[in-house]
Amino acid sequence: MINVYQPSLGKEELDRISQVFESNWIGKGKLVSEFEAKYAELLKTDSKHVLSTNCCSEGLFSSMHLCDIKPEDEVVLPTISFVGAANSICANGSKMVLCDVDPRTLNARAEDIEKVITDKTKAILLLHFGGIPCEMDEIMELANSHNIKVIEDCAAGVCSSYKGKALGTFGDMGMWSFDAMKILVCGDGAMLYFKDEEVREKAEKWLYFGLETKSGYENSVAQKWWEFDISCFGHRAIMNDVTAAMALEQFKKLPLFMEKRKVVNDFYDENLKDLSWIDLPPVLPEYVKSSYYFYHIQVKNGKRDELATYLRERGIYTTYRYFPIHRVKGYHAVGNFPNAEFATDNTLCLPIHQSLTSDDLGLIVDTIKEFGKKFC
């Protein structure tokens, strides 16, 4: 089966993890700090603004506390969003207010968000679909005019940027995922960005039990180093040196990963452009940079599901991300989302990852064309 997403791992990651085992320290340590520093460089910021955690979903859930969002507050969320984002709002007791999206990019626009803003709106939890940037100038202008906080879900946008600035660093808080199906993987892990250094300090305590003082080896000052105090009832949501070791080796490969994913993206663009029964992803403006996490087509003739089945029966796995929040009965969501409805019923994500071979890509394109000749 040709997978829709797939990590690229090698001996380098195993060797680095082996060194961690030999060190006899597999918890959070120097390698986590090193990874945070390197990621801060990628974002063109410093470590005072970034902090690692155990997964991106933890970042979503913690954002409610860290951005001081209360149960009575409203949070705007694009209905095309990851389930973890919706859960984070609802678990906080806040009111989730869904907005529609652009039918082609599947990103929320300022005009979509503005329609659902009220005097109770406290934040926008913004998804950058597949790491493709939303139009941040308009969205930030809207948010600032209403004094609304912006939380950026950049789970798939490890190398994405908007007008030269790293995606995820526009709002009050941003986050990136390194889970098993992302581009840079470490099993599980994530990085968080905070515009305000004080919020980052707050997060460091929140993500480790709310501890005010360090105990054990890290406490070289106190006479009774086993004593501690807390400032909040925080979680334990940290990376460790095993996952950081993998992440550091993956980080070295990131430029090559981006090159390979762009090759896949461009191959699809070139070889599917003449098929009249599908629409390709919109051409991106020059001022944005994608991480090429998704490649989504839209099937015009209502046969998206048939195409997906046809491909799967021939060893090619495809999917649709993300199933809209308003269609999930458990959320009891209300609203009118015609663009999201269109996207949900017609969009298909094709395989895209750095391990795809030229033979794989040829088979995928040929099979799509074969389907078109038979049924379109």
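The values are calculated or read from the model by the stated rules, or taken from the named source; none is laboratory data. Since we're looking at a predicted model, the values are computed, not measured. Using ideal geometry, Cβ is built from the backbone for each residue, glycine included, and neighbour counts are taken over all protein chains shown.
Before we move on, is G157 of a type outside the set (S, T, Y), within 27 Å of E74 (Cβ to Cβ) and either part of a loop (DSSP other than H, G, I, E, B) or in the same structural domain as Y287 (by TED's automatic domain parsing) (or both)?
When the stated conditions are applied, G157 passes them.
Please find, among E41, E36, the residue that is on the phi < 0 side of the Ramachandran plot and crowded, with 17+ Cβ neighbours inside 10 Å. Step through it out loud before you land on a result.
On the way: E41 fails: crowded, with 17+ Cβ neighbours inside 10 Å.
Step by step, each of E41, E36 is checked, and only E36 is on the phi < 0 side of the Ramachandran plot and crowded, with 17+ Cβ neighbours inside 10 Å.
Mind counting the residues in region 48-84 that are surrounded by fewer than 22 Cβ atoms within 10 Å (Cβ to Cβ), closer than 13 Å to M191 by Cβ and either in contact with a Lys or Arg (Cβ under 9 Å, 6 or more places away or on another chain) or not assigned by TED's automatic domain parsing to the domain that holds K149 (or both)?
2
Kindly check whether there is at least one residue in region 259-270 that is assigned to a loop (DSSP other than H, G, I, E, B) and closer than 23 Å to K373 by Cα.
So in region 259-270, the residues assigned to a loop (DSSP other than H, G, I, E, B) come out as none.
Looking through region 259-270, none of the residues is assigned to a loop (DSSP other than H, G, I, E, B) and closer than 23 Å to K373 by Cα.
Looking at region 245-263, is at least one residue under 30 Å from C376 (Cβ atoms) and not charged (D, E, K, R)?
yes
Filter region 33-49 for residues that are among the hydrophobic types (A, V, I, L, M, F, W, C) and in contact with a strand residue (DSSP E or B) (Cβ under 6 Å, 6 or more places away or on another chain) and give the result.
Quick first cut of region 33-49, residues among the hydrophobic types (A, V, I, L, M, F, W, C) only: 35, 37, 40, 42-43.
Selection gives A40, L43.
Just checking, does region 363-370 include any residue being touching a helix residue (DSSP H, G or I) at 6+ places or on another chain (Cβ under 7 Å), assigned to a helix (DSSP H, G or I), closer than 28 Å to C134 by Cβ and in contact (Cβ under 8 Å) with a residue 40 or more places away in the chain?
no
Kindly check whether there is at least one residue in region 285-299 that is in contact with a Phe, Trp or Tyr (Cβ under 6 Å, 6 or more places away or on another chain), modelled with pLDDT of 95 or more and part of a loop (DSSP other than H, G, I, E, B). Walk me through it before giving the result.
Here is the first cut: in region 285-299, the ones in contact with a Phe, Trp or Tyr (Cβ under 6 Å, 6 or more places away or on another chain) are 288, 295.
Pick out the ones that are also modelled with pLDDT of 95 or more and you get 288, 295.
Applying the additional criterion that residues be part of a loop (DSSP other than H, G, I, E, B) yields 295.
There is at least one residue in region 285-299 that is in contact with a Phe, Trp or Tyr (Cβ under 6 Å, 6 or more places away or on another chain), modelled with pLDDT of 95 or more and part of a loop (DSSP other than H, G, I, E, B).
Which condition number does H332 fail, the rest of (1) surrounded by 18 or more Cβ atoms within 10 Å (Cβ to Cβ); (2) of a type outside the set (F, W, Y); (3) farther than 30 Å from G164 by Cβ being met?
The number of the failed condition is (1).
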